[in-house]
Each structure stands twice: as C-alpha cells, then as structure tokens.
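Report on one structure; see the data block that follows.
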Amino acid sequence: MNKKIAILTSGGDAPGMNAAIRAVTRAALQEGWEVFAIYNGYKGLIDGELYKFSRKDVSEILYRGGTILGTARLPEFVDPNVRQKGIENLKKYGIDTLIVLGGDGTYHGAQKLVEMGINCIGIPCTIDNDIVGTDFTIGFDTALNTIVNAVDKIRDTSSSHQRCTIVEIMGRYCGDLALWAGICCGAEYVIIPEKEFNRQELLDNLKTHHDQGRRHAIVLITEKITDVEELARDTEEYTEFETRATVLGYIQRGGSPSGADRVLASRMGAYAVELIKQGKEGRCVGIIDNQLTSTDFVEALNGKKRQTNDNLYNVFFKIR
Ligand code: F6P
C-alpha cells in the first residue's frame, strides 16, 4: 500500500508532541509510506508549508519540549473556504490522510475536514488532560511534574515565612492538573472547575488551619475560576494568614517530556499508523486502562469525559 500521509501540530504546544511526530514518521516510513510535515498547524496547511520528511528529520527530537513543527491557533479555520484551500494543498501532494496532534480545538478542525471528505486521525496532545476517549493526553504527566516541582519550592518559602500561598494552575475547564498536583504536593485545599467553589468554606478552613498554628498552607486552584490576587487579599483579611498568590503560567507548558509522556507519545504515534493501515477513518487515538483504543471525532468532541475526578477528589480531602 503506497500511502502518503501528513502530520501537523496545532493549538497549545505540549511536551511529547515531538516524540509523537517521531513515532508517526518512523512507523509510517517503515511501512514504505511517504510522510509530509506541515509547519505551523492549520495555518501552514492553508499556506502550503508542506515538506517531505525523512527518518533523519526526526532524529534528536524525542527529548525536546514544544513542537519542532510549530503550532498556531487559527479561528478562521471555521470558514469552509479557508479549509478548502488546505484541502487543495493536500490534494496537490496526493496526501490521503492527515494526522493532527493537539487538543479539542485541533479536533474541531479535523472533524470539519472529515466532513469534507479528508481522512484525519487525531492524537491527543494537551497538558490539560481534557480530551474525551482517553485516560491521559500527551503532555499531562510532564506538566504535572513541572507543577509539583514548582509547588515544592513555593512551599519552602511559605513555610519559612508562615504564609498561605494560592497557586493558579492551567487546565482551562479541567481540574486534573490542580487535583493531581494537590495530591502530589500535600496541598491544604484544591479548587477545581468540576466542583462548586465555596469561598466561605475555603476561608473558614484556612482560618482554622492558621488558628491551629500551622506554618503554611498551599491552595491549588485551576485557572479561570476566580481572581487569585483578590482571593489572596480576602484570605489574608479573614484569616490573618499572610497570603500570596502565584500564577504558574507558561512554565507549565514547556520542558523536556517525562519518561511517561515519551512512552505514551511513542505508543500513540505508532498506533495512529496502525489505524491507517487497518483502513480506519476519522478516529482519535486514546488510552483506556493502559490499552490503546480509538473513538471518532464526534464522540471525542461531544462525549462526556470519564470521571476519574470524583475518586481522586475524595482521596484528596481524606488525606490532606
Ligand atoms: O490548552 C493548554 C493551555 O495551556 C490551557 O491550559 C490554557 O488555558 C491555554 O492553553 C492558554 O492558551 P494560549 O497559550 O493560546 O493563550
């Protein structure tokens, strides 16, 4: 089967994207297929930034963070005329399948291409771990470790100064990073979007904590829930605990992928090629109970995320 496939990365970069690019390229080349790399996501697809990749093009990238292909968010891709330009570029090179690496914005774009007759395969890459049809996304484990590292340092200062620190964590509308990090770091409190935020309960908890003479308190909160600077001011006023807010920001997205992310990306990349070999169309790679699997884009975009959160949330509050 002489196939021509293309690969792009889109949306926020995630550690392990390069490992997945390498896995897809090498597995496809082993099948005797041609592989085209598209630079700068869907924008590059529209602008015709396609280059043929060899085995050597993916050497020395396994351990690098970010994406060697570059990435972009392209809101204009909702316009069918814009997408049509991309499709013409794929046709020009005789490409029959497009592998997209990214999160749900990327999947939305791919689903639209599938509806226009282009076969796409999705590989979930985002630090947020918010994709349906997979227990883990590529990049989550690395970001978690980065956060744990940062919070461990913050705790040293909090404890030395007898302070409360409120740390804002990425995740968009998914609390996995904050919750997992809360367990890893022994935080005093976690606030995640899946659970209603009770401000008064938090303040009362922290007041008790402070009145008991504890040296520090760490609160982890997913971004977009509340203004953390304001929350820090309220906390200090109500509890008399000197309080600071820290927004971890973009240190969470970069960095060399963890071992777990390198393995996950390698497995998922090779599996994407396997799906194409089996003639599967419009599928998104996932891993459930450590077994590789796939769902279609519609399900991945509209289905309900498997709730591992409830169990973990309960564990957090039992052991904090
Ligand atoms: O999806 C990854 C992520 O880092 C989210 O956690 C965050 O909300 C978003 O991307 C930020 O996106 P951008 O860098 O495009 O502003």
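Restricting the calculation to Cα atoms, segment 17-95 shows an Rg/Rh of 1.00 when the hydrodynamic-style radius is the Kirkwood one. Diffusion coefficient (Stokes-Einstein, Kirkwood radius over C-alpha pairs, 4 °C, 1.567 mPa s) for segment 141-253: 94 µm²/s, rounded to a whole number.
So for the chain, Kirkwood radius off the Cα pairs, Stokes-Einstein at 20 °C and 1.002 mPa s: how many µm² s⁻¹?
Estimated via Stokes-Einstein, D reaches 104 µm²/s.
Accessible surface computed residue by residue for the chain, with neighbouring protein chains in place and a 1.4 Å probe, gives 44 Å² per residue. Seen against the Cα atoms of the chain and their longest principal axis, helix 199-211 is set at about 50 degrees.
For Lys43, the lysines whose Cα comes closer than 24 Å to its Cα, not counting residues fewer than 8 places off in the same chain, are Lys3, Lys4, Lys52, Lys85, Lys91, Lys92, Lys112.
With axes computed from alpha carbons, what is the tilt in degrees of helix 17-30 against the longest principal axis of the chain, rounded to the nearest 10 within 0 to 90? Helix 17-30 sits at roughly 30 degrees to that axis.
Among Thr25, Leu231, Thr165, whose Cα lies farthest out toward the positive end of the dipole of the chain, if unit charges sit on the beta carbon of Lys, Arg (+1) and Asp, Glu (-1)? After comparing all options, I get Thr25. What part of the accessible area of segment 141-253, given as a whole %, is carbon or sulfur when the probe is 1.4 angstrom? Carbon and sulfur: 43 percent of the exposed surface of segment 141-253.
The C-alpha atoms of the chain define a longest principal axis, and helix 259-277 lies at about 30 degrees to it. Note on segment 46-140: along the principal axes its Cα atoms extend 35, 34, 20 Å, ordered by decreasing extent. Mean residue ellipticity at 222 nm, helices only, the chain: -13500 deg cm²/dmol; runs of at least 4 DSSP H residues each add -39,500 (n - 2.57), and the sum is divided by the number of residues. Which FRET efficiency, nearest 0.05, do Asn311 and Asn149 yield, Cβ-Cβ r, R0 22 Å? Once the sixth-power term is evaluated, E becomes 0.30.
Loop-located chymotrypsin sites (Phe, Trp or Tyr not before Pro) in segment 4-79 (DSSP state not H, G, I, E or B) with no more than 14 neighbouring Cβ atoms inside 10 Å: Tyr63. For segment 114-205, the set of GluC sites (Glu not before Pro) satisfying both a DSSP loop assignment and a count of at most 11 other C-beta atoms within 10 Å is given as Glu196. By a straight-distance test (C-alpha under 29 Å), which lysines pair with Lys153 as possible cross-link partners, with residues fewer than eight away in the same chain excluded? Leaving aside lysines fewer than 8 places away in the same chain, those within reach of Lys153 are Lys195, Lys207, Lys224, Lys318.
The values are calculated or read from the model by the stated rules, or taken from the named source; none is laboratory data. On a predicted model such as this, the values are computed, not experimentally measured, just so you know. In this analysis, Cβ positions are derived from the backbone assuming ideal geometry, glycine residues included, and neighbour counts consider all displayed protein chains. With ligands, DNA and RNA removed, areas are computed over all heavy atoms of the protein, side chains included. Shrake-Rupley method; radii C 1.70, N 1.55, O 1.52, S 1.80 Å.
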